[in-house]
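Here the structure comes first, spelled out in structure tokens, and everything after it is commentary.
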Amino acid sequence: MAIPVLVMGQSGSGKTYSVKTFQPDEVGIISVEKGRLPFKSDLKVARIPNGFEEAKDYATLNRCKYAWLIKAIQTAKCKSIIIDDSQYLLVNELFDRASEKGYEKFTQMAANFRNLIHSINELDQEDKIVYFLHHTETDTDGHEKAKTIGKMLDEKLTIEGCFDIVIYCSDHKFYTQTNGQSTAKTPEGMLELEIPNDLKAVDVAIREYYKI
């Protein structure tokens, strides 16, 4: 199975900047919200299409976007894939469907995001790593956690629980274990507690650790 990795932090903390050391043929970057990188580079950025012929309503439109994203990951020639600003998959669907009444839409949003992570876990490409670059929010206890859009994901799923590797980014540094304030976690011995925000170096370390 492929490996999903969550890299989370506040806007401007250095998540997207961390991809700078990849070479263009080493990584595929899919941006959910923005079309440009915060540095000069030959790295190319793909965008999820905004329109699909079969989409007759916003619920179908967002299912199509997830299906497109899953297929793009499956067919990518690069072994390292980055989904930049992955929290906007949830946020944009929330705004798209703002006029819909009832709680069912929140269940569907949570299921769409969960199914994306599960599709990567079930992907029969063991050498492929998919990085979710995701914003954080502060919970009622003052802890930094992955940003969501409702109780369904927070209370019933817990995004971080779907990942074996969760890295917290702050002040252009990566933290690989929780200090009591974040939900960072990595397998024992994979990475040092504090490292530069260099996602290529993390990618190398993961591949060496799992021998892929």
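Of the whole protein surface, VAL204 contributes about 60 Å² of accessible area at a 1.4 Å probe radius.
Leaving ligands, DNA and RNA out of it, rank TYR88, TYR168 by accessible area with a 1.4 Å probe, largest first.
TYR88, TYR168
Considering the chain as a Gaussian network with a 10 Å cut-off on Cα pairs, which listed residue, TYR131, TYR58, TYR103, attains the greatest mean-square fluctuation? Sorting by GNM fluctuation, first place goes to TYR103. Indicate, rounded to the nearest 5 percent, the antiparallel portion of the DSSP beta bridges found entirely in the chain. Just about 30 percent of them are antiparallel. With the convex hull of the Cα atoms taken as the outline of the stretch 70-212, the averaged projected area works out to 9.5 nm².
At 1.4 Å probe radius, can you tell me the per residue accessible area of the stretch 1-72 in Å²?
Numbers: 3960 Å² over 72 residues.
Here the per-residue accessible area is 55 Å².
Full extension of the segment from ALA201 to THR75, taken as 0.36 nm per residue of separation minus the current Cα-Cα distance, would add 43.0 nm. Checking the table LYS71/LYS156; LYS128/LYS200; LYS15/LYS44; LYS56/LYS101 against a 21 Å threshold on Cα-Cα, which pairs fail? Pairs exceeding the cut-off: LYS71/LYS156.
Atom-type composition of the exposed protein surface of the stretch 53-212 places 50 percent of the accessible area on carbon and sulfur (1.4 angstrom probe).
Summing Cβ point charges (Lys, Arg +1; Asp, Glu -1) relative to the Cα centre of the stretch 32-182 gives a dipole of roughly 500 debye. Taking amide H atoms as placed 1.01 Å from N in the peptide plane, the amide H of SER182 lies under 5 Å from those of GLU144, each 5 or more residues away in sequence or on another chain. Once the Cα-Cα distance is subtracted from the 0.36 nm per residue extended length, the GLU104 to TYR209 segment shows a gain of 33.7 nm. Loop-resident trypsin sites (Lys or Arg not before Pro) (DSSP state other than H, G, I, E or B) in the stretch 75-179 with no more than 15 further Cβ atoms inside 10 Å of their Cβ: LYS77, LYS101. Membrane-span-like helices in the chain, defined here as complete DSSP H runs extending at least 30 Å along the helix axis by their C-alpha atoms with mean Kyte-Doolittle hydropathy no lower than -1.0, are absent; this is a sequence and geometry rule, not a statement about a membrane.
The values are calculated or read from the model by the stated rules, or taken from the named source; none is laboratory data. Since this is a predicted model, take the numbers as computed values, not measurements. Don't worry about glycine lacking a Cβ; one is built from the backbone with ideal geometry, like all the others, and counts go over all protein chains shown. Areas reflect the complete protein model, heavy atoms only, side chains present, ligands, DNA and RNA absent. Shrake-Rupley method; radii C 1.70, N 1.55, O 1.52, S 1.80 Å.
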